[in-house]
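The values are calculated or read from the model by the stated rules, or taken from the named source; none is laboratory data. Predicted model only: the values in this text are computed from it and were never measured. Glycine also receives a Cβ, built like all others from the backbone with ideal geometry; neighbour counts cover every protein chain displayed.
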Amino acid sequence: MVSEANNADERPQVIIIGAGFGGVWAAKTLVRLPVRVTMLDKNNYHTFLPLLYQVAAAEIEPEQIGYPVRGILRRMPNVTFTLAEVTAVDLAAQTVTTNHATLAYDYLIVATGSVTQFFGTPGAAAHAFSLKTMEEGVRLRNHILTCFERAVHATPDERRRLLTFVVVGGGPTGVEYAGALSELVHGPLRKDFPELDIAEVSIVLLEAAGRVLGGMSESLSAYAAQSLHKMKVEVRLEQRVTAVSGTAVTLHDDSEIPTSTVVWVAGVGGEALAKESGIEVLGNGRVPVQPTLQLPQHERVFAIGDLAAFPAEGGGWLPMVAQVAIQQGIHAAQNIGRHQLAQPLTPFVYWDKGTMATIGRNKAVVNWHGRSFTGFLAWLIWSVVHIMYLIGFRNRIMVMLSWGWRYFTFEQMVRLIMPSTRAGWLAIAPQDAFKRDAYEESAD
Ligand SMILES: Cc1cc2nc3c(=O)[nH]c(=O)nc-3n(C[C@H](O)[C@H](O)[C@H](O)COP(=O)(O)OP(=O)(O)OC[C@H]3O[C@@H](n4cnc5c(N)ncnc54)[C@H](O)[C@@H]3O)c2cc1C
């Protein structure tokens with residue numbers, strides 16, 4: 001049965017799927033229009049994904065990068081929230097089906113973001129750790145800490161495997177996570193585990209291309225690689241992963257790196273809902289949109305953010321970054337306003353505010369309108385920008401406190417393995433039997 005929110009209310013019904021960057025900024029813009037808005041998300045919180053790697057490196061608490069959606073919408077009288085997973089969109093019937101109900105819409109904004117892509121690499125989906133959700137961040141943190149605990153009692157071969165951490169993908173997330181992991185290992189874990197020889201720890205960053213941070217200039221790539229090298233991260237370029245198992249990662253030349261930890265940050269594609277609903281998508285699951293962000297032939301449906309494939313100046317597609325999602329969310333909402341007034345819709349124009357990545361303490365790279373910054377200044381810019389876009393005053397304060405504490409004490413505060421049932425077991429393999437079996441086999 002199709003639910004009508006309020007039949008007496010004649011304002012058009014807008015449904016936003018996804019309370020990520022795109023969805024939230026669309027809602028903030030729609031609050032000024034004569035529409036009713038229903039926001040749907042499968043989580044009751046917004047996740048600030050750019051700092052997720054810090055959760056996975058035990059630097060900050062998950063709560064510090066999540067914010068309740070209802071809290072965000074509190075001062076938006078025409079916007080309501082429903083915690084629900086959308087399972088289908090019917091463009092012909094103008095309905096959205098969730099695990100609770102089917103809802104009718106006058107306008108739809110699809111902002112479901114992206115998912116990890118494993119490119120069909122055997123074993124990767126089952127054995128590699130990905131880093132796209134809060135649960136995955138916590139799971140990876142637990143796993144890293146558990147590896148150290150288990151290494152204390154392990155045989156030499158097993159210890160080396162447990163203490164080898166392989167990050168696949170030298171984009172911003174891979175670089176940031178490898179750097180953060182190095183600081184965790186060579187800072188607090190070195191002091192926490194006097195039983196272990198920290199020189200046995202190996203952090204390997206594998207990149208298929210000839211340089212890390214391929215989207216930035218060559219000089220910034222070189223700076224990032226040198227910085228990682230100084231932080232004892234082994235950067236291996238032109239390395240293609242051909243298989244992942246619970247105990248090793250295999251490379252294109254058939255060589256193997258024995259490891260219990262493969263962090264896969266090598267690829268992302270559009271979230272599956274659009275494709276599963278029969279919406280036309282590209283090979284990577286992203287939805288090609290019109291310049292106005294509408295779907296072709298569906299003037300009342302907009303796709304934005306990571307999900308949308310929008311042509312970039314000079315070829316290719318706009319990158320999957322928060323600024324694209326934010327600006328598209330605002331623009332799609334404004335175009336809904338224009339459509340209501342029967343005005344012509346305007347094309348989306350992306351204002352590139354620059355790209356940046358942090359590598360570690362006082363080390364970052366920033367590319368801003370053709371100008372490059374590295375070192376402390378870049379790190380300061382990176383820190384300020386991330387604090388500015390973090391939602392929630394408390395979160396900003398708590399993250400700044402965590403960073404300040406870590407900066408001056410060289411200590412990470414969050415080193416708890418939680419939740420845990422049997423030490424090490426849940427942390428290694430919570431999401432599927434494959435990892436758990438592999439772990440138990442390897443532990444035998
Ligand atoms: C680890 C990591 C680090 C990053 N670092 C940076 C960075 O430093 N700078 C930067 O600019 N960008 C960064 N990004 C990219 C940035 O986070 C994304 O580009 C941005 O989040 C995209 O916004 P979005 O609104 O399209 O999707 P998201 O923010 O991913 O939001 C999608 C929302 O849709 C919900 N959803 C999905 N499917 C359904 C469904 N079927 N039903 C209901 N709800 C659903 C999800 O729960 C989620 O809340 C990073 C991403 C990751 C994963």
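What residue, of Val69, Val96, is modelled with pLDDT of 95 or more and in contact with a Leu (Cβ under 6 Å, 6 or more places away or on another chain)? Going through Val69, Val96 in turn, just one is modelled with pLDDT of 95 or more and in contact with a Leu (Cβ under 6 Å, 6 or more places away or on another chain): Val96.
Quick grid of which residues meet (1) outside the structural domain of Val212 (by TED's automatic domain parsing); (2) touching a Gly at 6+ places or on another chain (Cβ under 9 Å); (3) modelled with pLDDT of 95 or more; (4) in a helix (DSSP H, G or I):
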site	(1), (2), (3), (4)
Ile326	yes, yes, yes, yes
Ala333	yes, no, yes, yes
Leu345	yes, no, yes, no
Val349	yes, no, yes, no
Ala364	no, yes, yes, no
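Hey, among the residues in the stretch 321-337 that are farther than 14 Å from Asp352 by Cβ and surrounded by fewer than 21 Cβ atoms within 10 Å (Cβ to Cβ), which one's farthest from the ligand (Cβ to nearest atom)? Of everything passing the filter in the stretch 321-337, Gly337 is farthest from the ligand (Cβ to nearest atom). Identification of helices (runs of 4 or more DSSP H) wholly contained in the stretch 1-120 with 3 or more residues that are closer than 30 Å to His186 by Cα yields 52-56. Here is a check on your reading of the model: is Val24 more than 30 Å from Ser402 (Cα to Cα), near the ligand (Cβ under 8 Å from one of its atoms) and under 21 Å from the mean Cα position of the chain (by Cα)? Answer is no for this residue. Across the stretch 131-165, what is the number of residues that are touching a Ser or Thr at 6+ places or on another chain (Cβ under 8 Å), crowded, with 18+ Cβ neighbours inside 10 Å and either of a type in the set (Val, Ile, Thr) or over 29 Å from Ala199 (Cβ atoms) (or both)? Number of matching residues: 5.
Gly314 falls short on exactly one of the conditions (1) part of a loop (DSSP other than H, G, I, E, B); (2) in the same structural domain as Gly215 (by TED's automatic domain parsing); (3) small (Gly, Ala, Ser), and that condition is (2). With respect to the conditions (1) at pLDDT 95 or above; (2) under 26 Å from Thr173 (Cα atoms); (3) touching a Lys or Arg at 6+ places or on another chain (Cβ under 9 Å), Gly246 lacks only one, and its number is (1). From the residues in the stretch 107-136 that are more than 15 Å from the chain's Cα centre (by Cα) and aliphatic (A, V, I, L, M), which one is farthest from the ligand (Cβ to nearest atom)? If we take residues in the stretch 107-136 being more than 15 Å from the chain's Cα centre (by Cα) and aliphatic (A, V, I, L, M), then Ala126 is farthest from the ligand (Cβ to nearest atom). Among the conditions (1) at pLDDT 95 or above; (2) of a type outside the set (A, V, I, L, M); (3) in a loop (DSSP other than H, G, I, E, B); (4) in contact with a strand residue (DSSP E or B) (Cβ under 9 Å, 6 or more places away or on another chain), Lys275 misses just one, which is (3).
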